[in-house]
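My structure is below; once you've seen it, I'll send some questions.
Nothing in this text is a laboratory measurement; each read-out follows from the coordinates by a stated rule. Nothing here was measured: the structure is a model prediction, and the numbers come from that model. Every residue, glycine among them, receives a Cβ derived from its backbone with ideal geometry; neighbour counts consider all protein chains shown.
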Amino acid sequence: MAGPPGRPLPQLTDQNAFFWTSGADGRLRIQECASCASLIHPPQPVCRHCRGHDMGVRTVSGHATLIGFTVNHRFGLPGLPAPYVVAQVALEEDDRVRLTTNAVGCDPDDLVLGMRMEVVFEQAGQGPAAVWLPLFRPAAEQGAPAPLPEDEVAPPVRPMAATEKFEDKVALTGVGSSRLGRRLLVPPLSLTVEACEQAVADAGLTFDDIDGLATYPGAGPFGGFAEGGVTALESALGIRPTWHNGGGETFGPGGSLISAMLAVAGGLARHVLCFRTLWEASYGELVKQGRIQPPSSPDAGWLKPFGATSAAHTLAQNAGRHFHKYGTTRETLGWIALNQRANAGLHPTAVYRDPMTMDDYLQARPITTPFGLYDCDVPCDGAVAVIVSHVDTARDLAQPPVLVEAVGTRITERLEWDQSTLTHEPQVIGQSAHLWTRTSLRPDDVDVAELYDGFTFNCLSWIEALGFCGIGEAKDFLDGGKNIARDGVLPLNTHGGQLSHGRTHGMGLVQEAIVQLRGTAGPRQVPGARVAVVSSGGLTPSGVLLLRTDT
């Protein structure tokens, strides 16, 4: 029977039509490599296992193991009102193949990781555009819950390609930020200019000294996540750079910095102005008022047809598996949220500064289980700019330079959100391992950590991946919040992070690391901070930086 209208639907192509229409006869079909018999999902023109090109289609049983689920309370779609269950299942034929789906025909409270599921199809759309969505319900016959699949063994991190490090040739010399707030309703480019003017003045430079521009994600249909990129800023300021870069497929939201470092080390520029602007709060308000229209997305991809419209839906399932495997609890995540709020209380520009208790955290309205309101970062308007300079010029500028000890950029996991690492935020483990191959410093040398916290679970993932505690040991490390307090063994997100200071997509974390290493953070200053680690992103390709003072 036809399902309710209004869900976002995938765009049928020659490559994927077999999957989205296979439910017309009630059978689930998955792409198969004819050379090695591996199942491949999403469909590809080449096998990722043997790199063969002879691809076919196999009809599978339709039985799978439930490997993740989250009960969505916050987000709703036409034809899919909240609450609903976003789930991930691993096929019984090959548990490397995972489908994002909806769990149906059951009470969410009865769902258990490892239970056996069976496919049931729901038609959506009509005519040539009709698709059959593979939904899953608990199978009639249930044995003991199956073990969850193990993550694929990641390839070892490659050793340094050369003994000379490009990091030794660069320094961070200026930093600035615009006003920050909820629904400022000002042109986003004006926020960019404010931050850039501050950063240039902070370094003791002029715009005539700037010969490079870099940003993330650049120009494009990014809604409230960008202001127009390098093109917009160049048109406003007329800098005429000798080098520029902007794009989303880089080393996370702070990827502009690493790209700028490579350009400076390679002699393409001396002073690169890197910037990141968000106006998400104002954008959402303007969409709500009907004054602007969000960019259209004709293809809903592999996740949105099932209501998985937010990174929260992916990370919530990763968090649930971490709970299942390691005994982590909501209180574990709560200590991160409480730490960030306590630090934000000392920062005059933080969006949320009021004290918060564990009861406040636990009783907040649910977003998508296990996440509540305070597990999620704060949409806001604001911009941050950082100047990357050649180290030969840095010591003659206005501020003591912050040096770059190492970067981590290696991808060792699958990039597709629902095919990647099960128990941690994807794209933190490889990058973290890579970082420590480029330095003789170790986690014990780090004085302050500014770790990406779009959600509390992002932060937990970075803590474990970077080796501040063992994999699966965050519950004990975070218990009570003492270890991550400003006077603890790992002072964490000292400005309040994105959970309380505001979502500046990683660049605010860079700004705080610079301020801490300069020793100018005022009441939130960590005494004697000489080494800082700062990460940006996750899920998308991400990056991590190890910074240090000049002495």
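Calculate, in whole percent, how much of the Cα-Cα pair population of the range 387-525 lies beyond 28 Å. Each step should come with its number before you reach the end.
On the way: 1861 of 9591 pairs.
Cα-Cα pairs in the range 387-525 separated by more than 28 Å: 19 percent.
Now, a different point. Take 196, 33 and order them by how many other Cβ atoms sit within 10 Å, fewest up front.
Numbers: 196 29, 33 22.
The fewest-first ordering by Cβ neighbours comes to 33, 196.
Between residue 437 and residue 411, what length comes free when the chain is fully extended (0.36 nm per residue of separation minus the Cα-Cα distance, one decimal in nm)?
8.0 nm
If you don't mind, another one. Quick query: amide H of residue 530 versus all other amide H atoms, modeled in the peptide plane; which residues come in under 5 Å with a sequence gap of 5 or more or a different chain?
Amide H neighbours of residue 530: 447.
Here's something else I'd like to know. Rank-order 477-488, 101-112 by packing density, defined as the average count of other C-beta atoms within 10 Å over each peptide's residues, highest first.
Working: 477-488: 17.0, 101-112: 15.2.
My ranking of the peptides, most packed first, is 477-488, 101-112.
Using 0.36 nm per residue, how much length does the chain from residue 325 to residue 482 gain when fully extended, once their Cα-Cα distance is taken away? Don't jump to the answer; show the numbers that get you there.
Values: separation 157, 0.36 × 157 = 56.52 nm, distance 2.40 nm.
Length gained, residue 325 through residue 482: 54.1 nm.
Here is a further query. Evaluate E = 1/(1 + (r/R0)^6) for residue 152 and residue 489, where r is the Cβ-Cβ distance and R0 equals 45 Å; express this FRET efficiency to the nearest 0.05.
Working: r = 32 Å, r/R0 = 0.72.
E between residue 152 and residue 489, to the nearest 0.05, is 0.90.
Among 213, 242, 178, which residue has its Cα furthest toward the positive end of the charge dipole of the range 170-243, with +1 on Lys/Arg Cβ and -1 on Asp/Glu Cβ?
178
Quick one: which residues, 5+ away or cross-chain, put their amide H under 5 Å from the amide H of residue 32? H built at 1.01 Å from N.
40, 56, 57, 58
Order these peptides, 223-236, 420-433, by their mean beta-carbon neighbour count within 10 angstrom, highest first. Each step should come with its number before you reach the end.
Values: 223-236: 19.4, 420-433: 24.9.
Going by the mean number of other Cβ atoms within 10 Å, highest first, we get 420-433, 223-236.
So who's got an amide H within less than 5 Å of the one on residue 246, skipping anything under 5 residues away but keeping other chains? H placed 1.01 Å off N, in plane.
HN-HN under 5 Å from residue 246: 215.
Another question, if that's okay. With only Lys, Arg, Asp and Glu charged, each at its Cβ (+1 for the first two, -1 for the last two), find how big the charge dipole of the range 395-551 is about the Cα centre; round to the nearest 20 debye.
Values: 13 positive and 18 negative charges, 74 e Å.
Here the size comes out at about 360 debye.
Same structure again: Output the direction-averaged projected area (hull surface divided by four) of the convex hull of the alpha-carbon atoms of the range 13-166, in nm². Each step should come with its number before you reach the end.
Details: hull surface 54.4 nm².
Across all orientations, the range 13-166 yields a mean hull projection of 13.6 nm².
I would also like to ask the following. Go ahead and estimate [θ] at 222 nm for the chain from helices alone: -39,500 (n - 2.57) per DSSP H run with n ≥ 4, summed, over the residue count, rounded to 500.
On the way: 13 runs with 126 residues, N = 551.
When only DSSP H runs of four or more count, the value is -6500 deg cm²/dmol.
Stretched out fully, how many nm does the piece from residue 287 to residue 395 gain, at 0.36 nm a residue minus the Cα gap? If you can, show how the numbers build up before the last one.
Details: separation 108, 0.36 × 108 = 38.88 nm, distance 4.64 nm.
Separation in residues times 0.36 nm, less the Cα-Cα distance, equals 34.2 nm.
Related question: Which order do 244, 53 fall in if you start with the one that has the fewest other Cβ atoms within 10 Å? Mind showing how you got there, number by number?
Details: 244 25, 53 11.
The order, fewest Cβ neighbours first, is 53, 244.
Still on this structure, I have one more. With +1 on the Cβ of every Lys and Arg and -1 on the Cβ of every Asp and Glu, and nothing else charged, how large is the dipole of the chain about its Cα centre, in debye rounded to the nearest 20? Write down the numbers at each step before the final one.
Working: 42 positive and 58 negative charges, 98 e Å.
Roughly 460 debye, rounded to the nearest 20.
Continuing with the same structure: So if I take the centroid of the Cα atoms in the range 197-242 and the same for the range 511-551, what is the distance between those two points in Å?
Here the answer is 22 Å between Cα centres.
Given (1) 25.3; (2) 53.9; (3) 29.2, which label gives mean projected area of the Cα convex hull in nm² as computed from the coordinates?
Correct label, based on the coordinates given: (1).
If you don't mind, another one. For the range 17-138, what is the relative contact order in percent, using Cα pairs closer than 8 Å and at least 6 residues apart in sequence?
About 23 percent, as a whole number.
Between 263, 409, 492, whose Cα lies farthest towards the positive end of the dipole of the chain when Lys and Arg beta carbons carry +1 and Asp and Glu beta carbons carry -1, centred on the Cα centre?
Going by the charge dipole, the pick is 263.
How far, in degrees from 0 to 90, does helix 507-518 lean away from the longest principal axis of the Cα atoms of the chain, to the nearest 10?
Taking Cα atoms only, the helix is inclined about 40 degrees.
Would you mind calculating the relative contact order of the range 343-497 from Cα pairs under 8 angstrom and at least 6 residues apart, reporting the percent as a whole number?
Values: 164 pairs, mean separation 34.9, N = 155.
That works out to 23 percent.
Oh, and also: Enumerate the calculated ³J(HN,Hα) couplings along the range 35-50 in order (Karplus 6.51 cos²θ - 1.76 cosθ + 1.60, θ = phi - 60°), each rounded to whole Hz, writing x wherever the residue is Gly or Pro.
7, 10, 6, 6, 7, 10, 8, x, x, 9, x, 9, 7, 6, 8, 10
Now a separate question. Starting from the 7 Å offset along Cα-to-Cβ, what nm value, one decimal, do you get for the label separation of residue 363 and residue 236?
4.3
Please list 3J(HN,Hα) in residue order for the range 223-239, calculated via the Karplus relation 6.51 cos²θ - 1.76 cosθ + 1.60 where θ = phi - 60°; whole Hz, with x for glycine and proline.
Working through the residues one at a time gives x, x, 9, 6, 10, x, x, 4, 4, 5, 5, 4, 5, 7, 9, x, 6 Hz.
Ranking request for peptides 405-411, 151-157: highest mean number of other beta-carbon atoms within 10 Å first, then the rest in descending order.
On the way: 405-411: 21.6, 151-157: 12.9.
So the order, starting with the most tightly packed, is 405-411, 151-157.
Charges only on Cβ, +1 for Lys and Arg, -1 for Asp and Glu: so what's the dipole of the range 430-495 about the Cα centre, in debye to the nearest 20? Show your work: numbers first, answer last.
Working: 5 positive and 10 negative charges, 23 e Å.
Dipole magnitude for the range 430-495 comes out near 120 debye.
Sticking with this one: Express the relative contact order of the range 102-243 as a whole percentage, based on alpha carbon pairs under 8 Å and six or more residues apart in sequence. Don't skip to the end; give the middle numbers.
Values: 144 pairs, mean separation 22.0, N = 142.
Worked out over the range 102-243, it gives 15 percent.
For the chain, how many pairs of lysine residues have a Cα-Cα distance under 30 Å, where the two are 8 or more positions apart or belong to different chains? Spell out each step's value before the answer.
Details: 288/304; 304/325; 325/475; 325/482.
Qualifying lysine pairs in the chain: 4.
Here's something else I'd like to know. Using a basic spin-label model with each label point 7 Å from the Cα along Cα→Cβ, how many nm lie between residue 550 and residue 164?
2.3
Something else about it: Quick one: Karplus J couplings for the range 335-340, per residue in order, coefficients 6.51, -1.76, 1.60, θ = phi - 60°, nearest Hz, x for Gly and Pro?
My calculation for the range 335-340 gives 5, 5, 4, 5, 4, 5 Hz in order.
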